[in-house]
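As structure tokens, the structure follows; a few thoughts come after it.
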Amino acid sequence: MKKNGVKMIKINSKNVDVFYGKKQALFNINLDIEENQVTALIGPSGCGKSTYLRCLNRMNDVIDICRVKGQIIINDFDINDKSCDVVRLREKIGMVFQKPNPFPKTIYENISYGPTIHGMAQSKNEMDEIVETSLKKAALWEEVKDRLHEPGTGLSGGQQQRLCIARAISVKPEVILMDEPCSALDPIATAQIEELIDELKKDHTIIIVTHSMAQAARVSQNTGFFHLGELIEHGSTDKIFKNPENKRTQDYITGRFG
Amino acid sequence: MLLGFTSYYFGRKKAYSIQATNTRLTALPQFYGYYLAIWCAIPAFIIYSLWAIFEPSIVKLIILSDYSNQGYLDDELNLIYEKTKSLSRGQFSGEITPYLETSAEKYLNLRSIAQNSKIVLILAIIIASIVYGYKRISSNNRTREPVEKFLNAVLFTASLAAILTTIGIVFSLIFQTIDFFKVIPLFDFIFGTHWYPAKAFVRDASEPLDPSMYSDTFGAVPIFAGTFFIALIAMCVAIPIGLMSGIYLAEYASTKVRQYAKPLIEILAGIPTVVYGFFAALTVGPFLKDIGTAMGLEVSAESALAAGGVMGIMIIPFISSLSDDVITSVPQGLRDGSYAMGATKSETIKKVIFPAALPGIVGSILLGVSRAVGETMIVVMASGLAANLTFNPLESTSTITAQIVVILIGDQAFGDPKTQAAFALGMTLFLVTLSLNIFALRVVKKYREKYE
């Protein structure tokens, strides 16, 4: 989406290095993420794309031995700065994981979890509304509206993943990070989620890590190619797929390695 | 043994030699070895056991047949036989009659005949069965199935032994308990509020049993109450501390702290309960008494509080270690999901991890309760033996287990209501722990269905 003909940059990362213990996982990543676009991160396994994704909401904090250097600027604010409030940050930046991970609670409680801990609803009615809109946005409402108080773990894999997406959007994040959200799903569920991603980009900036080249081509506007911890090339998806500058990108996309 | 190994070796060798002639065997050569070893050992073992069972009675019959026409009573015959045996071992110190002497000689003779013929017979059987088994080893004979079946049977016997023992214990409990309730009405036992078994002990054994004198002796309410009261105190100590340390270990502690703290806590579980017992009786009890006196309270040196508190400390490692394991096994995905929603660590633990781990935690708590109810040593040493009906934690009270100890220490007569009272108490304890365990399993199952 362009405003006054200028691309709006949502996330701006400068010289990001990540270490696991002594091992360096990411080398000097400089990447701009455009607002209200879908950015796909592709690359062979272990190339650091998930690590980069987890930098963006500081999920790497959870791992003891992980250190992150460099600047990641979101809304003119460096999230690696000491003054950054991780709770607020993660409210703004939601995440959907590779394996659907609904909480062992009811469908309703799964969605109301985020709004509750961030104090977003003042009344039961308000909460009902948040749950309903989130489920509708995640295209799950019709399937579960009669069983909101059954366990979320009883849903099918695809439904669980959409429940997780609904959970992520319940706190109205500006950015949604998706770490291979379709890798555990069948083609039909994958198609539903891809459709959903396209829908969600109206309101959210989306970054998706994927192993499927076809998926990257289908859903994203921009693509970044990672290899061995480095960002080899990034740009519009069209350009990366049709006319890559780097030979390694071309080799990977045409399936010659990886 | 030796023969078993050699036959294994021969069996395998023959199998190899068959293999060498390019015939395909139906099983690995080892199986042929095992097959032959089993053939060698089992028939011989069965015969040997039968022999060992029947030999003494047969020898006895032969010896005593000399005395059969002299009108001895059975008891006297037994005595003669015992005398003969000890004389033959050279340990007899009584008057030696010529009769006895001949019997002893005869006995020794018989024994040596039996010994020799046993060895010959067993060897013969071993050789015969080895030859039989050896002949059966040919390329088209299956050996894998019999060997596997044999192993199956051995393992089955082992598990059967465990189950039969349990059943045996339960039945002995049941019969003694029934005997007890023939004398003491069930109603008095369950609802009576006065427990004083010593009263039954002081009765003159020569007098016939008079049930009426027990009417106010075996009321188990005070000791049931004491048991649950002390268990309650123990759980009040163990649940919060155990659970919190479990959560700390699983969620907050760094790898290094965990590495040292966990074994340290588990050391608590390795301390013998006797040690806890005298710790409670000699350190905690007097300490509480001093504090109580300083505060102007009447505290018994053997208080329920001391016993229950120390028992709680004993149970901490069970609860903390089990709940630590359960919490650690909650999938990382759930934690990540919660953190990614912006939840803090404590929110995540309270709202996501704890509910997910609840079945395991409930299980560990019920296991702890079960331990507390069954714990003996600490109560015996620290909580006094008088069965007071009280709910004041500062007074002394007694538990089921402690009363069983009191009853069964020293001389007892079987068939006496006092002794049988121990069985009745044991039965009650068994039923309580059994139902606790069943309940725990059901809770765990119910939550598991809900959350998985």
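The values are calculated or read from the model by the stated rules, or taken from the named source; none is laboratory data. Since this is a predicted model, take the numbers as computed values, not measurements. So basically every Cβ, Gly included, is an ideal-geometry build from the backbone, and we count neighbours across all protein chains shown.
Looking only at the stretch B:102-126, residues that are surrounded by 14 or more Cβ atoms within 10 Å (Cβ to Cβ) and either closer than 19 Å to B:Ile62 by Cβ or over 41 Å from the mean Cα position of the chain (by Cα) (or both) come to 10 in all. In the set (1) closer than 20 Å to A:Ser45 by Cα; (2) modelled with pLDDT under 90; (3) part of a helix (DSSP H, G or I), the condition left unmet by A:Leu185 is number (3). Selection of the stretch A:39-64 for residues being over 20 Å from A:His204 (Cβ atoms) and either over 15 Å from the mean Cα position of the chain (by Cα) or part of a helix (DSSP H, G or I) (or both) yields A:Gly43, A:Pro44, A:Ser45, A:Gly46, A:Cys47, A:Thr51, A:Asn60, A:Asp61, A:Val62, A:Ile63, A:Asp64.
Residues checked against (1) within 14 Å of another protein chain (Cβ to nearest Cβ); (2) in contact with a Leu (Cβ under 7 Å, 6 or more places away or on another chain):
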| site | (1), (2) |
| --- | --- |
| A:Ser134 | yes, no |
| A:Ile165 | yes, yes |
| A:Asp186 | no, no |
| A:Ala191 | no, no |
| A:Leu196 | no, no |
| A:Ile207 | yes, yes |
| A:Val219 | no, no |
| A:Asn222 | no, no |
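Scanning the stretch B:388-399 turns up no residue that is assigned to a helix (DSSP H, G or I), at pLDDT 80 or above and either buried (at least 24 other Cβ atoms within 10 Å of the Cβ) or more than 13 Å from chain A (Cβ to nearest Cβ) (or both). Selection of the stretch A:201-256 for residues being in a helix (DSSP H, G or I), surrounded by 21 or more Cβ atoms within 10 Å (Cβ to Cβ) and of a type in the set (A, V, I, L, M) yields A:Ala216, A:Val219, A:Ile240. Report whether or not B:Leu87 is over 27 Å from B:Ile47 (Cβ atoms) and surrounded by 11 or more Cβ atoms within 10 Å (Cβ to Cβ). The answer is yes for B:Leu87. Taking the listed residues B:Ala104, B:Ala52, B:Ala27, B:Ala114, the one that is in a helix (DSSP H, G or I) and either touching a Ser or Thr at 6+ places or on another chain (Cβ under 7 Å) or modelled with pLDDT under 75 (or both) is B:Ala104, with no other qualifying. Restricting B:Ser329, B:Ser300, B:Ser320, B:Ser338 to residues that are hydroxyl-bearing (Ser, Thr, Tyr), free of Cβ contacts under 8 Å to residues at least 40 places away in the same chain and within 29 Å of B:Ala269 (Cα to Cα) narrows the list to B:Ser329. Checked against the criteria, A:Val86 counts as facing chain B (nearest Cβ under 9 Å) and free of Cβ contacts under 8 Å to residues at least 60 places away in the same chain. Taking helices (runs of 4 or more DSSP H) as the structural unit, those lying wholly within the stretch B:221-321 and holding at least 2 residues that are surrounded by 16 or more Cβ atoms within 10 Å (Cβ to Cβ) and among the hydroxyl-bearing types (Ser, Thr, Tyr) correspond to B:221-247, B:273-278. Among the residues that make up the stretch A:21-32, is at least one of them within 14 Å of chain B (Cβ to nearest Cβ) and of a type outside the set (A, V, I, L, M)? Within the stretch A:21-32, one or more residues are within 14 Å of chain B (Cβ to nearest Cβ) and of a type outside the set (A, V, I, L, M). Within the stretch A:33-62, if we keep just the residues that are on the phi < 0 side of the Ramachandran plot and surrounded by fewer than 17 Cβ atoms within 10 Å (Cβ to Cβ), the residue that is farthest from the other protein chains (Cβ to nearest Cβ) turns out to be A:Pro44. Screening B:Leu151 on (1) touching a residue at least 12 places away in the same chain (Cβ under 8 Å); (2) out of contact with any Leu (no Cβ under 7 Å at 6 or more places or on another chain) shows it passes everything except condition (1). Just to check your reading of the model, which residue among A:Thr205, A:Thr210, A:Thr223 is among the polar types (S, T, N, Q), closer than 17 Å to A:Asp32 by Cα, in contact (Cβ under 8 Å) with a residue 60 or more places away in the chain and in contact with a helix residue (DSSP H, G or I) (Cβ under 7 Å, 6 or more places away or on another chain)? Sole residue among the options that is among the polar types (S, T, N, Q), closer than 17 Å to A:Asp32 by Cα, in contact (Cβ under 8 Å) with a residue 60 or more places away in the chain and in contact with a helix residue (DSSP H, G or I) (Cβ under 7 Å, 6 or more places away or on another chain): A:Thr223.
In the set (1) touching a residue at least 24 places away in the same chain (Cβ under 8 Å); (2) more than 9 Å from chain B (Cβ to nearest Cβ); (3) farther than 17 Å from B:Gly342 by Cα; (4) not in a helix (DSSP H, G or I), the condition left unmet by A:Met120 is number (3). Among the candidates A:Ile79, A:Ile65, A:Ile93, the residue that is surrounded by fewer than 14 Cβ atoms within 10 Å (Cβ to Cβ) and within 14 Å of chain B (Cβ to nearest Cβ) is uniquely A:Ile65.
Only a single criterion out of (1) at pLDDT 90 or above; (2) touching a Leu at 6+ places or on another chain (Cβ under 8 Å) is not satisfied by A:Phe97, namely (2). Residues in the stretch B:322-364 that are buried (at least 21 other Cβ atoms within 10 Å of the Cβ), in contact with a Ser or Thr (Cβ under 9 Å, 6 or more places away or on another chain), at the interface with another protein chain (Cβ under 9 Å from one of its Cβ atoms) and of a type in the set (A, V, I, L, M): B:Met341, B:Val352.
Testing B:Gly246 on (1) assigned by TED's automatic domain parsing to the domain that holds B:Val352; (2) at pLDDT below 85; (3) farther than 23 Å from B:Ser383 by Cβ, one condition comes back false. Which one is that? It is condition (2) that B:Gly246 fails. Among the residues of this structure, B:Tyr32 counts as one that is in a helix (DSSP H, G or I) and at pLDDT below 75. The C-beta contact set for the stretch B:240-255 (first residue away from chain A (no Cβ under 14 Å), second residue hydroxyl-bearing (Ser, Thr, Tyr) and buried (at least 21 other Cβ atoms within 10 Å of the Cβ), distance under 7 angstrom, 6+ apart or interchain) comprises B:Gly242/B:Ser320; B:Gly242/B:Ser323; B:Leu243/B:Ser323; B:Ser245/B:Ser320; B:Gly246/B:Ser320; B:Gly246/B:Ser323; B:Leu249/B:Ser320. In this structure, A:Ala191 does not satisfy being aliphatic (A, V, I, L, M), touching a Ser or Thr at 6+ places or on another chain (Cβ under 6 Å) and more than 19 Å from B:Gly337 (Cα to Cα). Kindly indicate whether B:Gly374 is on the phi < 0 side of the Ramachandran plot, crowded, with 17+ Cβ neighbours inside 10 Å and more than 9 Å from every other protein chain (Cβ to nearest Cβ). So B:Gly374 fits the description; yes. Considering the stretch A:98-117, the residues that are in a helix (DSSP H, G or I) and more than 8 Å from chain B (Cβ to nearest Cβ) include one that is surrounded by the most Cβ atoms within 10 Å (Cβ to Cβ), namely A:Ile111.
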